[in-house]
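Note sheet for the following structure.
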Amino acid sequence: MTIQWFPGHMAKAKREVQEKLKLVDYVIELVDARAPQSSQNPMLHEVLGDKQN
């Protein structure tokens with residue numbers, strides 16, 4: 001039995017980002033300078049694929 005905990009609003013945001021990526025050439029991710037590694041969104045890197053960021 002698999003438990004699904006992924007909130008609906010997060011799934012919607014991921015779909016919308018994937019749709020909008022077709023319209024842009026570059027992506028800039030703004031992270032907290034005090035904790036750049038932990039403030040990154042790992043899902044963003046998954047969605048971007050080969051897109052330059």
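The values are calculated or read from the model by the stated rules, or taken from the named source; none is laboratory data. Being a predicted model, the structure only gives us computed values, none of them experimental. Note that each Cβ is placed from the backbone with ideal geometry, even for glycine, and that neighbours are counted across all protein chains shown. Note: accessible area is taken over every heavy atom of the protein model, side chains too, but ligands, DNA and RNA are not part of it. Shrake-Rupley method; radii C 1.70, N 1.55, O 1.52, S 1.80 Å.
Here the extension length gained between GLU16 and MET43 equals 8.4 nm, from 0.36 nm per residue of separation less the Cα-Cα distance.
Which percent of the accessible area of the chain is formed by carbon and sulfur heavy atoms (probe 1.4 angstrom)? The computed percentage sits at 55.
Rolling a 1.4 Å probe over the protein heavy atoms leaves HIS45 with an accessible area of roughly 80 Å².
Think of the range 1-52 as having a plus end and a minus end, set by charges on the Cβ of Lys, Arg, Asp and Glu; of PRO36, TRP5, LEU48, TRP5 sits farthest toward the positive end of this dipole.
Sorted into 10 angstrom bins from 0, the C-alpha pair distances of the chain split as 19, 45, 30, 6, 0 percent.
Computed over protein heavy atoms with a 1.4 Å probe, the accessible surface of the chain works out to 94 Å² per residue.
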